[in-house]
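The values are calculated or read from the model by the stated rules, or taken from the named source; none is laboratory data. All values derive from a computational prediction rather than experimental measurement. With ligands, DNA and RNA removed, areas are computed over all heavy atoms of the protein, side chains included. Shrake-Rupley method; radii C 1.70, N 1.55, O 1.52, S 1.80 Å.
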Amino acid sequence: MLEIDEPGTVKSVEKFFSKDLERYETMCAGRYDIHSLNFDNIKVKSSNNTSAAMNRYNLIIAYNDRLACLKPAIDKLYQ
């Protein structure tokens, strides 16, 4: 039988709802329209990594995918 670290799980869930979910929503807000980004003229000045813009884009896509799964589940909790 699987043993669950209940205090650790509670702590992780509290962190998720107090910090992570808000970060996902902020990254995926309307001003971050991931479908209309154009990388042709992006200049990254704060990083020596030339793929920093693509990494940011991939992060936004990942957060968007997570929210697509999480939001319906969370909404069902309040029904």
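At a glance:
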read-out: Ranking by accessible area, most exposed first, for Cys28, Cys69 with a 1.4 Å probe; value: Cys69, Cys28
read-out: Accessible heavy-atom area order of Met1, Met27, Met54, highest first, probe of 1.4 Å; value: Met1, Met54, Met27
